[in-house]
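The values are calculated or read from the model by the stated rules, or taken from the named source; none is laboratory data. Treat the numbers as computed from the prediction; the structure is a model and nothing was measured. Because the Cβ atoms are built from the backbone with ideal geometry, glycine has one as well, and the counts that use them run over all protein chains shown. Areas reflect the complete protein model, heavy atoms only, side chains present, ligands, DNA and RNA absent. Shrake-Rupley method; radii C 1.70, N 1.55, O 1.52, S 1.80 Å.
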Amino acid sequence: MTESTRESWRVVDEYLAATLLDDDPTLTEAHADALAAGLPPIDVTPLTGKLLHLLARMTRARRVLEIGTLGGYSTIWLARGIPHDGSVVTLELEQLHAEVARANLERAGVSDKVEIFVGRAADSLPRIAERGDEPFDLVFIDADKESSALYVDWAIRLGHPGTVIVVDNVVRAGEIAVRDTDDPMVIGSRRALELLRSDPRVDATALQTVGSKGWDGFAVAIVV
Ligand code: SAH
Ligand code: DHB
Ligand code: MG
């Protein structure tokens, strides 16, 4: 794609965000502080954050699981979509990311409904399962793409019929459909999509997106 194509995607994202979204200094600062702390600029866009927020409301989610916290940008959107006595459990590998997220969640006034597990998600998930809490109503998978299939399996096990699962970054500028890739992230996303198709416990689709983060996409599934 040319630079001008990318630029038009960004301009349209800005138009849609300016037209549909409130100006939100807390969210803008959460993104900016994460950048300032050296975190990568890979949080969801404002429009995608709002979609996650709306999905939480549409599913009347009380319990949300997020895998991949980064600086807490998507976490804030999700936390704002659930009731006061609901909870978001979010999993993050990096101590620094979790610290930045804690500060951002505090400032957003949602820290009392968010619990951050620091460490490898593959280690945190069995601990969460052992607690035997209520199942999750909505799961956002957005961490190491190599493990997305494993996370889909956990999302199903920790969910219930009706639980909605969103898997981010399944298109990666079209790489997903390039047969001979050796990119482990793409191979991981492909395995996640194949599992969503073959596993009788879920039904799924996926959409391509263009916007300020370029060309990518996400899968959406429901536990049946
Ligand atoms: N959901 C965030 C972006 C997440 S970026 C948002 O939209 O705002 C992906 C995050 O996953 C990074 O912070 C990275 O450190 C984390 N991560 C990578 N591997 C992980 C693992 N094995 N377990 C848990 N988190 C991991
Ligand atoms: C990457 C990760 C993401 O979660 C994302 O939304 C975009 C890019 C990455 O690791 O390259
Ligand atoms: Mg992502």
Problem - Residues being within 20 Å of Glu106 (Cβ to Cβ), within 13 Å of ligand 2 (Cβ to nearest atom), without any contact (Cβ under 8 Å) to a residue 60 or more places away in the chain and over 11 Å from the mean Cα position of the chain (by Cα) - total across the stretch 37-85 - result: 1
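Out of everything in the stretch 188-217 that is open to solvent by 70 Å² or more (accessible area, probe 1.4 Å) and not in a strand (DSSP E or B), what residue ends up being nearest to ligand 1 (Cβ to nearest atom)? Can you show your working first?
Of the residues in the stretch 188-217, the ones open to solvent by 70 Å² or more (accessible area, probe 1.4 Å) are 191, 194, 197-198, 200-201, 203, 205, 207-208, 210, 213, 215.
Those still in the list that are not in a strand (DSSP E or B) too: 191, 194, 197-198, 200-201, 213.
Numbers: Arg191: 15, Glu194: 20, Arg197: 24, Ser198: 24, Pro200: 27, Arg201: 23, Lys213: 10 Å.
Ranking the qualifying residues of the stretch 188-217, first place goes to Lys213.
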Handout entry: Filter result for Val88 (closer than 26 Å to Ala192 by Cα, hydrophobic (A, V, I, L, M, F, W, C) and part of a strand (DSSP E or B))
Key = yes
Exercise for the section: Considering every residue within the stretch 130-149, establish whether at least one is outside any loop (DSSP other than H, G, I, E, B), touching a Leu at 6+ places or on another chain (Cβ under 6 Å), more than 16 Å from ligand 2 (Cβ to nearest atom) and farther than 28 Å from Ala17 by Cβ. Expected result: no
Practice task
Output the number of residues of the stretch 45-58 satisfying the condition of being more than 15 Å from Ile82 (Cβ to Cβ) and touching a strand residue (DSSP E or B) at 6+ places or on another chain (Cβ under 7 Å).
Solution key: 2
Fill in the blank from the handout: Screening Ile176, Ile141 for residues that are crowded, with 19+ Cβ neighbours inside 10 Å, β-branched (Val, Ile, Thr) and in contact with a Lys or Arg (Cβ under 7 Å, 6 or more places away or on another chain) leaves only Ile176
Fill in the blank from the handout: Going through the stretch 148-165 in order, the residues found to be surrounded by fewer than 23 Cβ atoms within 10 Å (Cβ to Cβ) and under 14 Å from the mean Cα position of the chain (by Cα) are Val164
Practice task
Would you please list the contacts, defined by Cβ atoms under 7 Å and residues six or more apart or on different chains, that run from a residue in the stretch 2-16 that is modelled with pLDDT of 95 or more and surrounded by 12 or more Cβ atoms within 10 Å (Cβ to Cβ) to a residue that is in a helix (DSSP H, G or I) and not hydroxyl-bearing (Ser, Thr, Tyr)?
Solution key: Asp13/Leu47; Leu16/Leu47
Handout entry: Complete set of residues in the stretch 52-73 that are open to solvent by 10 Å² or more (accessible area, probe 1.4 Å) and touching a helix residue (DSSP H, G or I) at 6+ places or on another chain (Cβ under 7 Å)
Key = His53, Leu70, Tyr73
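Where residues in the stretch 33-51 are assigned to a helix (DSSP H, G or I) and open to solvent by 50 Å² or more (accessible area, probe 1.4 Å), which of them is farthest from ligand 1 (Cβ to nearest atom)?
Going through the stretch 33-51, the residues assigned to a helix (DSSP H, G or I) turn out to be 33-36, 46-51.
Next cut, open to solvent by 50 Å² or more (accessible area, probe 1.4 Å) only: 33, 35-36, 46, 50-51.
On the way: Asp33: 12, Leu35: 12, Ala36: 15, Pro46: 11, Lys50: 12, Leu51: 11 Å.
Ranking the qualifying residues of the stretch 33-51, first place goes to Ala36.
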